[in-house]
1. Has segment 36-49 got any residue that is at pLDDT 95 or above and open to solvent by 100 Å² or more (accessible area, probe 1.4 Å)?
2. If a residue has to be open to solvent by 100 Å² or more (accessible area, probe 1.4 Å) and touching a Cys at 6+ places or on another chain (Cβ under 8 Å) to count, how many in segment 1-35 make the cut?
3. Are any residues in segment 27-45 over 8 Å from the mean Cα position of the chain (by Cα) and closer than 30 Å to Gly8 by Cβ, and if so, which ones?
4. Quick one: what pairs do we get from segment 18-36, first residue in a helix (DSSP H, G or I), second open to solvent by 60 Å² or more (accessible area, probe 1.4 Å) and of a type in the set (Asp, Glu), C-beta under 8 Å, 6+ apart or different chains?
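The values are calculated or read from the model by the stated rules, or taken from the named source; none is laboratory data. Nothing here was measured: the structure is a model prediction, and the numbers come from that model. Quick reminder, even Gly has a Cβ in these numbers, built from the backbone with ideal geometry, and neighbours come from all protein chains shown. The protein model used for the area step is the full one, side chains on, heavy atoms only, and it has no ligands, DNA or RNA in it. Shrake-Rupley method; radii C 1.70, N 1.55, O 1.52, S 1.80 Å.
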Amino acid sequence: MEFCEYCGNLLNEDGRCPWDDCPHNAIIDAMSEAKAADEKKDKSDKSEDKT
């Protein structure tokens, strides 16, 4: 069992807080977007190296 460090709610199985407006969920979303952007950038960098 893990608890949200911001509001104390029990986290869902996917690691998100059940309270939709919790900063914990906003941070998870921002980290996911940043990771996706990094992966996209890495792929484009690798394709540029091949040319």
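1. The answer is no, given that none of the residues of segment 36-49 is at pLDDT 95 or above and open to solvent by 100 Å² or more (accessible area, probe 1.4 Å).
2. 2
3. Result: Ala36, single match.
4. Short answer, once both residue conditions are applied: His24/Glu5.
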